[in-house]
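Scroll down for the structure; my scribbles are underneath it.
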Amino acid sequence: MWARLRDGVAASDPGLLRLTAGLRTVGAIALTLAVLSFLDVDVTRLVAGAMAAMVATFAIREKQRGPQAVTLALGLPVALTSVTLGALLSSHVVAGDLFFVALIFSAVYGRRFGDRGTALGLIGFQVYFLSLFVGATVSGLPELYGAILVAFLSSGLVRFVLVPETPAHLLGRLREAFRARLAQLVSAQLELLDAGPDEVEKALEDVRSGTARLHETAMMIQGRLEEGTSDEATARLVQRRVADAEIAAERLGLLLLTARSAERASTLTLHLPGAPVPAGGHLPVRDEATATLGRDLQALRMLVLRPVAEGSGTALSHVRNRLLGYRDEENLPPASAAVQDVFRGIGEAARAVLGLRIALEGPQDDSDDTPSTARSREELDAEDAAIDAGEDDSDEEEPTGLRRPTTRAAVQVSVGSSLAIVGGEFLSSQRWYWAVLACWIVFLNTASTGEIMVKGYRRLLGTVFGVVAGIVLAGLVGQHTWTAFALVLLCVFAMFYTAPFSYTLMSFFVTAALGVLYTLLHTYSPSVLLLRVAETALGAACGIVAAAFVLPVRTDRRTNDLLVTVLDRLADVTEAAVDQLSGGPAADLLDKARDLDQALADLRAATQPLTHPVTPLRARRDTARYVVALLETCAYHARSLAATAELLPTHPSIAADPRLRRAGRRIAHNIGAIAAHVADPQAAVEIEITGSSIASLLEPDVPGTPRYGRVTDRVLRHLQRLDESVTGLARPLKAPVAAPRR
């Protein structure tokens, strides 16, 4: 029961990142309140200390403990300077407003200096906002200094002592999350196997969701490998094994879908929400092979969740040996070709799980190995020995001046904040700063006008519902100080726990907490919270206006730029993999594949304004979803090609085939042509969709010679699907297609 709960938590919150963020922030606030209450300060200083502790905790984002400590130490003088200027300028309206705008520009511009610049800018802005919120005065500065000092010390104590987190421990939790999500995906695939006609749509959607969640966790692991492993060779080994497991799991889902279908299923079906389920099929006809398939999927799930080292006796070793045996043709049960492919997929997935366990936990007992298991171990050992810690020396030229994203965003948010200050003063001369805060926040982690509009809409929606909750909570707590602070702590925890997946919920909890804080400061009334809604709407509107008219980055322009980047990365992976499969020199294929994944993740995030449920442009939304799904399909096949290519130096049954280079030329040409068309619609390029199939391109030049070997047979299907997916991009992107040749 405990293991099941642990796996569920690990899968829902990979690395426990959200839980850790919530606990750290709540712990820092609670410790600050405890110390300040012991010193018998007034409620205003309690509120100031709580807000400072929250800022000092969430602003720091470096991954290593040393840099975190340096940033926290530098943040204290920044905070003290900011609150001092806030108090000194409180009676000088124009000077205070001008300084606030300058501070906002500097804080946003500081993002160009990495995590530390971002953190210090955030601390400076938020503490100045704190001084406005609590009405800081020059005479009250000593007490505010004390509250802020206690807050920073409490934040450091919680971060480094009470809720410590090292990169290695975080990577370990992420690996546990990957294991839990892999098991969840296998469970979803088992449900797809057993689903009846009325259940298959939901089962397929669960497989899609599980595949996406597994990929998300793999990307999170990729981002933590450098800091969380002892050396680069270990990092590359873990990276390789995670990639193998991800590819094997995704392939198994595709094979199951094909086994249910009257014809081979398209990989696109696993990536496009709402894609029709392939009609007809062999399953769920219940026969001996299908029943065995169900038991083996359950066994694979058990193998994922319970490593052999934790097993009792030889039961799990027997299960592992049986599943790995499906890699040999003579061990396949009698069944249709499509169902036998699923058994082969289970064998490859079991091999990937074995490799992942060895990479993460070291060598395991091999006394019960069968010949099939021993062969898999030998292959894995040879691959591990061949992994080389290569380095990526590529440097991209960064834009300068107003073309630099941080500079442009700083100018935009400064203009938007100036408008918010003016408009906010008309709404309220006392609480105009809420409009500035809303304008500031809608610019955080956004890069286009569309993203800012969506974020502003979500913040306003969360604020409206939060106002209602704030009114209810404020009425319940009255003037009970510690009850109110307890509710604030609950809201803060919920805010940080929900922030990564729901900006609306985060805004809801922020506003609800503010309603309670206003009660503590004796400034609460329903009209104050309604004013907050008006100020939030005004600030979001000012941010949207600034983004739309001051150095604007249109959503179409940003998505096109990111689309070209994805296509370039796709071309890099495909060309390098095909070249290596053809006998060319070894390349750093895994890093290229992850660069493709990161570029695709950036594109997916940038298309959210186009795919948002409330968008009135339905056709445009469907097109964006279709293009992203096609690109995810291309990325899957490119990753599979890269993983196969990396087997060449060590795999005893795989050899290079020079004819593959000819097979990949059309794919490379079409990827380049689509990228050129997206970058410049007037470019004189055409997509080739006619000619021989990928398989026929490999017909021998000399009659009587073998058609192709095992490696070619393994990659032909990926090349064919990649070719079809790339040419499929021509229609939604309106790329010109070459006329059929006579």
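Note on segment 438-527: percent of Cα-Cα distances in each 10 Å bin, starting at 0 and stopping at the bin with the largest distance, equals 19, 44, 27, 9, 1.
Counting only protein heavy atoms and a 1.4 Å probe, tell me what percentage of segment 521-569's accessible area is made up of carbon and sulfur.
Here carbon and sulfur together make up 64 percent of the probe-accessible area.
Ordering Tyr626, Tyr518 by accessible surface, largest first, gives Tyr626, Tyr518; the 1.4 Å probe counts only protein heavy atoms, with every chain in place. Quick note on segment 527-628: its Rg to Rh ratio, both from C-alpha atoms and Rh being the Kirkwood radius, is 1.21.
What separates the Cα centres of segment 463-491 and segment 216-234 is a distance of 41 Å.
From most to least packed by mean Cβ count within 10 Å, the peptides 333-344, 59-70, 541-552, 18-29 give 18-29, 541-552, 333-344, 59-70.
Taking every Cα-Cα distance in segment 165-238 and sorting them into 5 Å bins starting at zero, the pair-distance distribution P(r) comes out as 3, 17, 20, 17, 13, 10, 9, 6, 4, 1, 0 percent.
Counting residues in the chain as N, plug N into 2.2 N^0.38 Å and put the Cα Rg over that result. Don't skip to the answer; put the middle values down first.
Values: Rg = 28.7 Å, N = 742, 2.2 N^0.38 = 27.1 Å.
Dividing the Cα Rg of the chain by 2.2 N^0.38 Å gives 1.06.
Amide H to amide H distances under 5 Å link Thr166 with no residue, where only residues 5 or more positions off or on other chains count and H is placed in the peptide plane. Note on the chain: dipole from Cβ charges, positive end direction compared against Leu19, Ala291, Ala177; the farthest Cα belongs to Leu19. Computed per residue of the chain from DSSP H runs no shorter than four, each worth -39500 (n - 2.57), the mean residue ellipticity at 222 nm is -24000 deg cm²/dmol. Accessible surface computed residue by residue for segment 78-146, with neighbouring protein chains in place and a 1.4 Å probe, gives 41 Å² per residue. When only alpha carbons are used to place a centre, segment 540-611 and segment 420-460 end up 28 Å from one another.
In segment 463-503, what percent of the accessible surface is made up of carbon and sulfur (1.4 Å probe, ligands and nucleic acids excluded)? Within segment 463-503, the accessible surface is 79 percent carbon and sulfur.
Charging the Cβ of each Asp and Glu at -1 and of each Lys and Arg at +1, and nothing else, the dipole of the chain about its Cα centre rounds to 1860 debye. The charge dipole of segment 58-185, taken about its Cα centre with unit charges on the Cβ of Lys, Arg, Asp and Glu (plus for the first two, minus for the last two), comes to roughly 700 debye. Using the Stokes-Einstein relation with a Kirkwood hydrodynamic radius computed over Cα pairs, the translational diffusion coefficient of segment 25-124 at 10 °C and a viscosity of 1.306 mPa s comes to 108 µm²/s.
For Val737, the residues 5 or more places off, or on other chains, whose built amide H falls under 5 Å of its own are Ile687.
Packing around the peptides 242-255, 149-162, taken as the average count of other Cβ atoms within 10 Å per residue, puts them in this order, highest first: 242-255, 149-162. Placing unit charges on the Cβ atoms of the charged side chains and taking the dipole of segment 1-151 about its Cα centre, the candidate lying farthest along the positive direction among Gly146, Ala73, Thr32 is Ala73.
So for the chain, taking the charge dipole from beta-carbon charges (+1 Lys/Arg, -1 Asp/Glu), which of Ser376, Leu722, Gly584 sits furthest toward the positive end? Most positive-ward Cα: Leu722.
The values are calculated or read from the model by the stated rules, or taken from the named source; none is laboratory data. Worth saying up front: this structure is predicted, and the values here are computed from it rather than measured. Note: ideal-geometry Cβ built from the backbone for every residue, glycine included; neighbour counts use all protein chains shown. Protein only, heavy atoms only, side chains kept; ligands, DNA and RNA dropped before computing areas. Shrake-Rupley method; radii C 1.70, N 1.55, O 1.52, S 1.80 Å.
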